[in-house]
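See structure below.
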Amino acid sequence: EQSKFGDGSNSGSGNVTTAVHNHYGPRKEISQTVGTFDTDGAVQELVIDFDGTVLGSAAYPLLAPKLPAGSIVEDVYLYVDEVFVLGGTTPAIEIGTEGSEVTNGFTITQAQAQAVGIKDVTSALSGTWTAGLAAETTVGIALSGTTPTTTTAGKARVVIRYVSV
């Protein structure tokens with residue numbers, strides 16, 4: 001019996017025009033992607049993958065991520081897969097409301113950015129991100145500190161868990 005997805009042989013047979021590939025297990029590539037995931041209940045996740053190139057240009061390669069109006073940020077996690085090379089005096093990575101990332105968002109310190117691993121950075125939330133977002137918020141990324149610099153090295157994923165009310 002032939003399934004509606006083809007007969008499982010080479011591509012081009014039945015109604016299958018290309019080979020189908022499956023990937024099982026976690027995908028570890030972190031580069032320059034953004035996405036929103038629905039989870040059980042009211043909690044949603046905004047996932048931002050960025051690298052040294054994105055950080056250096058302070059811009060996402062495609063569309064900047066957004067948090068919907070009425071969002072309350074519950075948790076923020078950082079996973080550094082490849083260390084960043086930050087220079088300057090007290091450099092840090094700021095992620096938050098585009099244009100005011102330093103005061104409305106959260107800070108990733110130089111030590112956190114330059115160490116591989118998972119960190120809970122929820123305690124670094126500041127400004128409007130601590131109480132709730134009244135309007136739809138475009139999420140920006142920026143460097144802070146005195147004359148901060150970065151190289152193209154570094155890859156990280158930020159997971160922002162929020163409730164939209």
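The simple spin-label model puts a point 7 Å past each Cα toward its Cβ; for THR103 and SER57 those points are separated by 2.9 nm. Less than 15 Å Cβ to Cβ from THR109, Lys/Arg counted +1 and Asp/Glu -1: what total charge do the surrounding residues give? So the environment of THR109 carries a net charge of -2. The local environment of VAL80, defined by Cβ-Cβ distances under 10 Å, has a net charge of +1 under the rule Lys, Arg +1 and Asp, Glu -1.
Using amide H atoms built 1.01 Å from N in the peptide plane, name the residues 5+ places from VAL85, or on other chains, whose amide H lies under 5 Å from its own. Excluding prolines and chain starts, which carry no amide H, the hits are THR151, ALA153. Along segment 154-165 the Karplus relation, 6.51 cos²θ - 1.76 cosθ + 1.60 evaluated at θ = phi - 60°, assigns HN-Hα couplings of x, 9, 8, 10, 10, 10, 9, 8, 9, 10, 9, 10 Hz to successive residues, with x for each Gly and Pro. Here segment 63-112 is assigned +1 on the Cβ of each Lys and Arg and -1 on the Cβ of each Asp and Glu. Its dipole about the Cα centre then comes out at about 120 debye. A simple rule links phi to the HN-Hα coupling: the Karplus curve 6.51 cos²θ - 1.76 cosθ + 1.60 with θ = phi - 60°, which for segment 90-96 gives 6, x, 8, 9, 10, 10, x Hz, with x for Gly and Pro.
Non-local amide H neighbours of GLY70 (under 5 Å, H modeled in plane, Pro and chain starts lacking H): which ones? The answer is LEU133, ALA134, ALA135.
For ALA135, the shell of other residues with beta-carbons less than 15 Å away shows a net charge of -1, using +1 for Lys and Arg and -1 for Asp and Glu.
As a rough guide to protection, the peptides 53-60, 113-120 ranked by mean Cβ packing within 10 Å, highest first, stand as 53-60, 113-120. With the crude spin-label approximation of a point 7 Å out along Cα→Cβ, what separation in nm comes out for ALA153 versus VAL116? Taking the two extended label points, one gets 1.3 nm.
Taken together, the values in this text are just the output of simple stated rules run on the coordinates, not laboratory data. What you see is a predicted model, and the numbers here were worked out from it, not measured in a lab. A quick note on method: Cβ atoms are made from the backbone with ideal geometry, for glycine too, and the neighbour counts reach across all protein chains shown.
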